[in-house]
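The values are calculated or read from the model by the stated rules, or taken from the named source; none is laboratory data. Keep in mind it's a predicted model, so treat the numbers as computed, not measured. Note: ideal-geometry Cβ built from the backbone for every residue, glycine included; neighbour counts use all protein chains shown. Heads up: the accessible areas ignore ligands, DNA and RNA and are worked out on the full protein's heavy atoms, side chains in. Shrake-Rupley method; radii C 1.70, N 1.55, O 1.52, S 1.80 Å.
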Amino acid sequence: MSTRMVREYQICLNCIMDTTDSLIQFDHKGYCDHCNNYYNNILPNWHPNERGARQLQRVVDQIKRDGEGKSYDCIIGISGGVDSSYLLYYAKEILGLRPLAFAVDTGWNLNVAVENIEKIVKGLEIDLYTEVVNWKEMRDLQLAYFKSQVPYQDTPQDHVIFAALYNYASRSGIKYVLTGGNYSTECVREPIEWVYLNDLRQLKDIHKRFGTVALKSLPLCGMFKYRLYYRYFKGMKVVKPLDLIPYKKEDVIETLEERFGWQRYANKHFESIFTRFYEGYWLIKKFGYDKRRAHFSSLILTGQMTREEALNKLKEPPYDEELALEDLGYVAKKIGLTVDEFIQLMNGENKTYKDYKSNAWISQLAIKTAILLRMEKRQFR
Ligand SMILES: [Zn+2]
């Protein structure tokens, strides 16, 4: 039996992160380390103003020069969500780049996401490449993750989407990958125990223990390949333009709605039934982790929501209970379980990323070394 320390409940007095992040630390004012990280490390290095604009212009000039004579000068992974949709628009129309839009069909996309992608690429006259992954393998990996009882059930899809994009960019010689990652809506990172991402060693271990179908064609990409081989040997560059421009969620959504008839989702990541069910039910009911906490906290820190608004919104269930149960049936059937089997998993013993093989020690060691060398200013845990 595992023993877990029970910690007294505490919530940050500035944002709404709380002790459901078991590693959270509070200072004497009752502010959490996410807030302090934002004020001390992110904010002083974040310039969505003229300074950012100049920096972005230099990168854009370089991308254009390197892309001369090629069909595309950069690639942008698109999910149909706000960040990637806006990035595609901004890259083509404002920056004058020639991106290829890259989508991955993992078998779960909601119509609204697919329609959003179509509206944007048609409206901008951008080529779209959609990689359809092998569903039998995808399903087997997802089933293995559910059986492993870890919180982060979006890892299989996230990994495959990430790997498909970078593997494709490398194969087709596209040097610049533009991503929609941004401080404005994501400055409060989700704690490692809620989302443990992109560790191929762990993915393989979980699949080895609980999977039944060999993963032959599923796109995979380890950190070494991504951080060392692609970057240093293939010269791939990852650019995050949204941190260099003013980026406010509501303004951006308005632009997308007006310009393309883009449709908003009920919640930040509710682009598929899977994500809706996983974030709104599995993660909350089984683990008590509410991803809205991190998302709303980001919006509080960046002045896009008040703490009171966030607390009120958090009181509402993330989605309708009846719809949740309908989704449970849908997800169970799609991954090959009966509703009873799925409920057994819901009630089973919760596991963490530490219960399976992982490369967490490597990144922790790298971070510690960097801190010792004072190369890394950001605060990690
Ligand atoms: Zn805080």
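Pairs, please: C-beta under 6 Å, at least 6 apart or cross-chain, first residue within 16 Å of Glu186 (Cα to Cα) and in the range 29-40, second within 6 Å of the ligand (Cβ to nearest atom) and of a type in the set (Ser, Thr, Tyr)?
Partner pairs satisfying both residue conditions: none exist.
Quick one: which helices (runs of 4 or more DSSP H) lie wholly within the range 127-209 and hold at least 2 residues that are open to solvent by 30 Å² or more (accessible area, probe 1.4 Å) and over 19 Å from Ala332 (Cα atoms)?
Result: 155-171, 183-186.
Does Val112 satisfy the condition of being assigned to a helix (DSSP H, G or I) and of a type in the set (A, V, I, L, M)? Reasoning before the result, please.
Details: assigned to a helix (DSSP H, G or I): yes; of a type in the set (A, V, I, L, M): yes.
Yes.
Can we say Asp73 is touching a Ser or Thr at 6+ places or on another chain (Cβ under 8 Å), touching a residue at least 40 places away in the same chain (Cβ under 8 Å) and surrounded by 12 or more Cβ atoms within 10 Å (Cβ to Cβ)?
On the way: touching a Ser or Thr at 6+ places or on another chain (Cβ under 8 Å): no; touching a residue at least 40 places away in the same chain (Cβ under 8 Å): yes; surrounded by 12 or more Cβ atoms within 10 Å (Cβ to Cβ): yes.
Spelling it out, it is not the case that Asp73 is touching a Ser or Thr at 6+ places or on another chain (Cβ under 8 Å), touching a residue at least 40 places away in the same chain (Cβ under 8 Å) and surrounded by 12 or more Cβ atoms within 10 Å (Cβ to Cβ).
Going through the range 316-333 one residue at a time, which ones are at pLDDT 95 or above and open to solvent by less than 50 Å² (accessible area, probe 1.4 Å)?
Leu328, Gly329, Val331, Ala332
For the range 1-105, please list each of the helices (runs of 4 or more DSSP H) lying entirely inside it that holds at least 3 residues being away from the ligand (no atom under 16 Å from the Cβ) and under 29 Å from Glu115 (Cβ atoms). Reasoning before the result, please.
On the way: elements: 33-37, 50-66, 82-89.
Here the list reads 82-89.
It is to be established whether one or more residues within the range 180-191 are touching a Pro at 6+ places or on another chain (Cβ under 7 Å), of a type outside the set (Ser, Thr, Tyr) and at pLDDT 95 or above.
Restricting attention to the range 180-191, the residues satisfying the condition of being touching a Pro at 6+ places or on another chain (Cβ under 7 Å) are none.
The answer is no, given that none of the residues of the range 180-191 is touching a Pro at 6+ places or on another chain (Cβ under 7 Å), of a type outside the set (Ser, Thr, Tyr) and at pLDDT 95 or above.
One line per residue, one yes/no per condition, for (1) surrounded by 12 or more Cβ atoms within 10 Å (Cβ to Cβ); (2) at pLDDT below 95; (3) at positive phi:
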site: Ile11; (1), (2), (3): yes, no, no
site: Asn14; (1), (2), (3): yes, no, no
site: Thr19; (1), (2), (3): yes, no, no
site: Tyr31; (1), (2), (3): yes, no, no
site: Asn36; (1), (2), (3): yes, no, no
site: Asn41; (1), (2), (3): yes, yes, no
site: Asn45; (1), (2), (3): no, yes, no
site: Gly52; (1), (2), (3): yes, no, no
site: Val59; (1), (2), (3): yes, no, no
